[in-house]
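Working notes for the structure below.
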Amino acid sequence: MSDIKKIAILINGGDAPGLNAVIRAIVRTAEKNGIESYGFIEGFKGLLENNYVRLDKSSISSGILQKGGAIIGSSLNTNVFNLKTIENGQEVYKDFSDKCVQNLKDDGIDCLFTLGGDSTQKSARDFSLKGIKVIGVPKTIDNDVACTEATFGYNTAVSVATEALDRLHTTAETHNRIMVLEVMGRYAGWIALESAISGGADVALLPEIPYDMDKVIAKIEERKSIGKNFSVIVVSEGAYPKGGSISVKNTREGGKGVINIQLGGAGETVAKEIEKRTGITSRNTTLGYIQRGGTPTATDRVLSTKYGAKAMELALEGKFNVLTVLKNGKLDYVSLEDVVGNNKEIGAVEGGTEDSNMRVVTMDDDLIKTARNIGICLGD
Ligand code: F6P
């Protein structure tokens, strides 16, 4: 058993439905065991500036389970091990992690809970090497955190994408159009693949399968030959054509120290190409941040609550420097070292790089087999 008395929670990265449910579960389990909880405001920024709030029964009681976003905010693209700062009018990247470690020691925080995706857990592991006790919880709508079968937020994103597909379907059918939906997911096609199945799409293009436009056109023509003059296509933001490259909207921070590429435009490219080649009016809709905001599904509320309670349970058992995971459908934990994978260097550029240890769709996944069995074209 551990002798922890005070814990703190921080969130890093894009919001995901279920964040507040995780906070609630951690704090409730902590209170039950006489442990005080705190939350750093805006994630690593709050940790660096030592800006935190007390989290207790009253702060988590006002309907936060069903609330989107996060009551303590989140830091975006913040790697305190390699953070942009201005010195003598010049932009420089510096390591501020020792200041964060000192803040945790001064505040008497015995364990830090890090709610985030691969880059957050990379920083968590880097803090563990500096002697901080950390426990990670896998958050992201992209479902791409290594070593776990599910991240919280993902189920809600799939539900939102499914509803969007249902709505696009009626427009496609009414106007005999091709309706393309670009969904998020970075370099993993989970959202695209699962929503294509649940939303009845005809084509799903994923980053894991560089697509052949001839195959996509053949699918559209095949549908036309049976009187279906419309098609619905899901395109993952990270999808790209065979021999081509990903659609980049923006490069942040000169590519240093953070997740440096903002994806966007893949859906528009696909829609334009289809219209050019088939003559059928084709329209793209980019679902964007609607996938990340708002109320979590029941599945995400339950998963978040399970992860939060498990994280606190691990702290009580003295199991630190781990990530809560789902393994064969059951709650479990793995070492942060395993989550980091090849990206071992402390403070290294992280998230969406070739070194990061993302969980992408594999060709033997049931979802791939199911999609192929029911005739969804995967662009190959
Ligand atoms: O990782 C979550 C996510 O929403 C991705 O799906 C998307 O590529 C990215 O974040 C967008 O990042 P930002 O909020 O910085 O625009």
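The values are calculated or read from the model by the stated rules, or taken from the named source; none is laboratory data. Not measured: the values here are computed from a predicted model. Reconstructed Cβ throughout: ideal geometry from the backbone, glycine too, with neighbour counts over all protein chains shown.
Being of a type in the set (A, V, I, L, M), in contact (Cβ under 8 Å) with a residue 24 or more places away in the chain, surrounded by 24 or more Cβ atoms within 10 Å (Cβ to Cβ) and within 15 Å of Val340 (Cβ to Cβ) is true for just one of Ala124, Ala146. Which residue is that? Steps first, please.
Details: Ala146 fails: surrounded by 24 or more Cβ atoms within 10 Å (Cβ to Cβ).
Of Ala124, Ala146, the one residue that is of a type in the set (A, V, I, L, M), in contact (Cβ under 8 Å) with a residue 24 or more places away in the chain, surrounded by 24 or more Cβ atoms within 10 Å (Cβ to Cβ) and within 15 Å of Val340 (Cβ to Cβ) is Ala124.
To keep it simple, each residue is scored yes or no on (1) among the aliphatic types (A, V, I, L, M); (2) touching a Phe, Trp or Tyr at 6+ places or on another chain (Cβ under 7 Å); (3) not assigned by TED's automatic domain parsing to the domain that holds Arg301.
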position: Leu10; (1), (2), (3): yes, yes, no
position: Ile23; (1), (2), (3): yes, no, no
position: Arg28; (1), (2), (3): no, no, no
position: Asn33; (1), (2), (3): no, no, no
position: Gly46; (1), (2), (3): no, yes, no
position: Glu49; (1), (2), (3): no, no, no
position: Phe81; (1), (2), (3): no, no, no
position: Phe96; (1), (2), (3): no, no, no
>> If I filter segment 17-34 for residues that are assigned to a strand (DSSP E or B), out of contact with any Lys or Arg (no Cβ under 8 Å at 6 or more places or on another chain) and buried (at least 19 other Cβ atoms within 10 Å of the Cβ), do I get at least one hit?
In response: no
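Quick one: in segment 1-16, of everything that is within 20 Å of the chain's Cα centre (by Cα) and in a loop (DSSP other than H, G, I, E, B), which residue is nearest to the ligand (Cβ to nearest atom)? Walk me through how you get there before you give the answer.
Looking only at segment 1-16, we keep the residues that are within 20 Å of the chain's Cα centre (by Cα), and these are 9-16.
Imposing the further condition that a residue be in a loop (DSSP other than H, G, I, E, B) reduces the set to 13-16.
On the way: Gly13: 6, Gly14: 4, Asp15: 8, Ala16: 7 Å.
Looking at residues that are within 20 Å of the chain's Cα centre (by Cα) and in a loop (DSSP other than H, G, I, E, B), I get Gly14.
Need at least 1 residues that are in contact with a Ser or Thr (Cβ under 7 Å, 6 or more places away or on another chain), more than 16 Å from the ligand (Cβ to nearest atom) and at pLDDT 95 or above per element, so show me which helices (runs of 4 or more DSSP H) inside segment 87-178 make the cut, counting only ones lying wholly within it.
Working: elements: 97-107, 118-128, 154-175.
Because the criterion is at least 1 residues that are in contact with a Ser or Thr (Cβ under 7 Å, 6 or more places away or on another chain), more than 16 Å from the ligand (Cβ to nearest atom) and at pLDDT 95 or above, the helices (runs of 4 or more DSSP H) in segment 87-178 that meet it are 118-128, 154-175.
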>> With the condition being of a type in the set (Ser, Thr, Tyr), I'd like the strands (runs of 3 or more DSSP E) fully within segment 218-333 carrying at least 3 qualifying residues.
In response: 282-286
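Out of all the residues in segment 102-121, which are within 26 Å of the chain's Cα centre (by Cα) and more than 12 Å from Phe44 (Cβ to Cβ)? Walk me through it before giving the result.
Here is the first cut: in segment 102-121, the residues within 26 Å of the chain's Cα centre (by Cα) are 111-121.
Within segment 102-121, Cys111, Phe113, Gly117, Asp118, Gln121 meet the criteria.
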> If you go through segment 185-224 one residue at a time, how many are more than 19 Å from Thr370 (Cα to Cα) and touching a helix residue (DSSP H, G or I) at 6+ places or on another chain (Cβ under 8 Å)?
Replying inline: 5
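Conditions tested, residue by residue: (1) hydrophobic (A, V, I, L, M, F, W, C); (2) within 26 Å of Lys139 (Cβ to Cβ); (3) within 22 Å of the chain's Cα centre (by Cα).
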site: Ala188; (1), (2), (3): yes, yes, yes
site: Ile191; (1), (2), (3): yes, yes, yes
site: Ile197; (1), (2), (3): yes, yes, yes
site: Ala201; (1), (2), (3): yes, no, no
site: Glu208; (1), (2), (3): no, yes, yes
site: Glu222; (1), (2), (3): no, no, no
site: Ser225; (1), (2), (3): no, no, no
site: Val232; (1), (2), (3): yes, no, no
site: Ser236; (1), (2), (3): no, yes, yes
> Which one of these is assigned by TED's automatic domain parsing to the domain that holds Ser247 and surrounded by 24 or more Cβ atoms within 10 Å (Cβ to Cβ): Glu163, Glu182, Glu173?
Replying inline: Glu182
